[in-house]
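Presented below is the structure to which this report refers.
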Amino acid sequence: MFAGFEPLLVPTGETTIFLRRGGEGPPLLLLHGFPETHLMWRDVAPLLARRFTVVCADLRGYGRSGCPPSAPDHAPYAKDAMARDMVAAMAQLGFPCFGLAGHDRGGRVAYRLALDHPARVSRLAALDIIPTEEAWARAEARFALGYWLWSLLAQPAPLPERLIGASPEAVIDVALDGWGSAPAAFDGALRRAYAQALRDPAHLHAICEEYRAAATLDRQQDAADHRAGRRIACPVLVLWSGSGPLGAWYETAGGPLDLWRGWAREVEGGPVAAGHFFPEEQPAETAAALARFFGAAA
């Protein structure tokens, strides 16, 4: 995996971020979701590296990145803190402005980065998410059952840490084999790699803190920005799972595109015929969509 990509451990001032860099051309940062690491881009990144300098990073608390101490309000794991890591890491690589794509939790870091640091982001791709506050505001029985991690991992420590830590492999299998996904896309070695962070107490606590921050600080910050009329300035690509809930649950709100148009000035996109983990299930289609979108900026 990642042949020709250089592994780097980059200090950001608050923590250290592990990343892989490869290719040539305009810079493009790819961010992963839960329960993944940068490895989720293993098949997409080489395709994009034909046209872009691709950087695949582990978020703080995930993979091989650092786990800075948290705080009672969970602020070290709020999306604005995670976004600062990426701004600092990309600056150290020599990229003050870059394209940015994030899937799942990484998508939430990505749109927060675009809101807080508009000069840093040329274009943004948000994969299989709607903004955090939009999701919480519409939460009901389907949400509670379908997005059970949102409420479980946000419970006070140490309950979720003990539950998840007791059987990390089960959590990985439930996630990868469910959520509309194709289990064949994830071999045993990859599942073991994803489970590794959940076996480590420091990383597991950090991941739970990220979910606690999402249920509190991230939601509050989203709501404040929305009330103030702050919007993402750059063009936004929204892709979502064609077999997942986003296309069906939010029909009365106009679907994902209309929801995102309340947060950004220029929005395009559509569904991908795969499950939640479509970058891993359909890497060629995902890479082609991202290359078209980010290539338009050239």
| query | Quick check: anything in the stretch 55-71 surrounded by fewer than 24 Cβ atoms within 10 Å (Cβ to Cβ), more than 11 Å from the chain's Cα centre (by Cα) and free of Cβ contacts under 8 Å to residues at least 24 places away in the same chain? | reply | yes
| request: For the stretch 196-214, enumerate the residues that are buried (at least 18 other Cβ atoms within 10 Å of the Cβ), at pLDDT 95 or above and not basic (K, R). | output: H203, L204, H205, A206, I207, C208, E209, E210, Y211, A213, A214
| query | Applying the selection to the stretch 71-82, what residues are more than 15 Å from H32 (Cβ to Cβ), out of contact with any Cys (no Cβ under 9 Å at 6 or more places or on another chain) and in a helix (DSSP H, G or I)? | reply | A75, P76, D80, A81
| message | For the stretch 207-222, check the following and say yes or no: at least one residue is of a type in the set (S, T, Y) and under 22 Å from V109 (Cα atoms). | response | yes
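Every residue, every condition in (1) among the small types (G, A, S); (2) farther than 18 Å from L113 by Cα, yes or no:
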site: A213; (1), (2): yes, no
site: T252; (1), (2): no, yes
site: A274; (1), (2): yes, yes
site: R292; (1), (2): no, yes
| message | Restricting to the stretch 148-164, count the residues that are assigned to a helix (DSSP H, G or I) and either closer than 20 Å to A78 by Cβ or at pLDDT 95 or above (or both). | response | 10
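Per-residue answers, yes or no, for (1) at pLDDT 95 or above; (2) more than 30 Å from P76 (Cβ to Cβ); (3) in contact with a Ser or Thr (Cβ under 8 Å, 6 or more places away or on another chain); (4) crowded, with 16+ Cβ neighbours inside 10 Å:
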site	(1), (2), (3), (4)
A182	no, yes, no, yes
H226	no, no, no, yes
W240	yes, no, no, yes
W249	no, yes, no, yes
| Qualifying position, being within 20 Å of H103 (Cβ to Cβ), small (G, A, S) and either in contact with a strand residue (DSSP E or B) (Cβ under 8 Å, 6 or more places away or on another chain) or not in a loop (DSSP other than H, G, I, E, B) (or both), among A224, A170, A195 | A195
| message | Given the options A253, A233, name the one that is under 13 Å from Y111 (Cβ atoms), over 19 Å from the mean Cα position of the chain (by Cα) and touching a residue at least 60 places away in the same chain (Cβ under 8 Å). | response | A233
| said: Go through (1) loosely packed, with under 13 Cβ neighbours inside 10 Å; (2) among the acidic types (D, E); (3) farther than 30 Å from W263 by Cβ for E161 and report which single condition fails. | reply: (1)
| query | Is there any pair with a first residue in the stretch 83-101 that is outside any helix (DSSP H, G or I) and surrounded by fewer than 24 Cβ atoms within 10 Å (Cβ to Cβ) and a second that is modelled with pLDDT of 95 or more and of a type in the set (A, V, I, L, M, F, W, C) whose Cβ atoms are under 6 Å apart and which are 6 or more apart or on different chains, and what are they? | reply | F98/L29; F98/M90
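The values are calculated or read from the model by the stated rules, or taken from the named source; none is laboratory data. Because the structure is a prediction, the values reported are computed rather than measured. Positions of Cβ are backbone-derived with ideal geometry, glycine not excepted, and every protein chain shown enters the neighbour counts.
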